[in-house]
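The values are calculated or read from the model by the stated rules, or taken from the named source; none is laboratory data. Remember, predicted model here, so these are calculated numbers, not experimental data. Cβ placement follows ideal geometry from the backbone for every residue including glycine, while neighbour counts extend to all protein chains displayed. To get the accessible areas, we keep the full protein, side chains included, count just its heavy atoms, and leave off ligands, DNA and RNA. Shrake-Rupley method; radii C 1.70, N 1.55, O 1.52, S 1.80 Å.
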Amino acid sequence: GMGMSIEKNSGTVVHPRSYGTFPRVLSKFVREKKILSLAAAIHKMTQLPAARLKLTDRGMIKTGMAADLTLFDPNVVSDTADFTDSHKYPVGIIHVLVNGQLAVEKGKLTGISAGSVLRKIHAPLVNTI
């Protein structure tokens, strides 16, 4: 168990993919079916969506970027949620840093909530007159 979960205790049923989307891609399409390379899958989950949403401080590991990082074991990572228990957390995820703070440490939620809502950035309209 991951300890107390606000989501789990809310009485709501969520789709299993709420927790398991990325772990499922990594286990099913990278490890099992070998449809995607690990590098290609990670690119599709990080740099590609950040670029599409014009999030200039996310999607890559380099100086000046938000430190949103996930350390996982590619041989183990997998989703475990199903419609019977839609709040099961994935396995094989060791640490998760959100804005440089440990949100998951050694597979357990720390209770730290360092994230913020990200909104698509719209370029200002340039006055051509």
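If only residues of region 58-103 that are free of Cβ contacts under 8 Å to residues at least 24 places away in the same chain and of a type in the set (A, V, I, L, M, F, W, C) are counted, the one that is least open to solvent (accessible area, probe 1.4 Å) is Ala103. All conditions in (1) at pLDDT below 90; (2) within 19 Å of Val117 (Cβ to Cβ) hold for Val96, with the sole exception of (1).
Search region 29-46 for residues that are more than 18 Å from Val76 (Cβ to Cβ) and of a type in the set (S, T, N, Q) and pair each with any residue that is open to solvent by less than 60 Å² (accessible area, probe 1.4 Å) and not in a helix (DSSP H, G or I) when their beta-carbon atoms are under 9 Å apart and the residues are at least 6 apart or on different chains. From region 29-46, the pairs are Thr46/Arg58; Thr46/Gly59.
For region 22-31, the set of residues classified as out of contact with any helix residue (DSSP H, G or I) (no Cβ under 8 Å at 6 or more places or on another chain) and either buried (at least 16 other Cβ atoms within 10 Å of the Cβ) or at pLDDT 95 or above (or both) consists of Pro23, Ser27, Arg31, listed by residue number. Within region 32-57, if we keep just the residues that are more than 13 Å from the chain's Cα centre (by Cα), within 22 Å of Val91 (Cβ to Cβ) and charged (D, E, K, R), the residue that is most open to solvent (accessible area, probe 1.4 Å) turns out to be Lys34.
Here His43 meets each of (1) at pLDDT below 90; (2) out of contact with any helix residue (DSSP H, G or I) (no Cβ under 6 Å at 6 or more places or on another chain) with one exception, condition (1).
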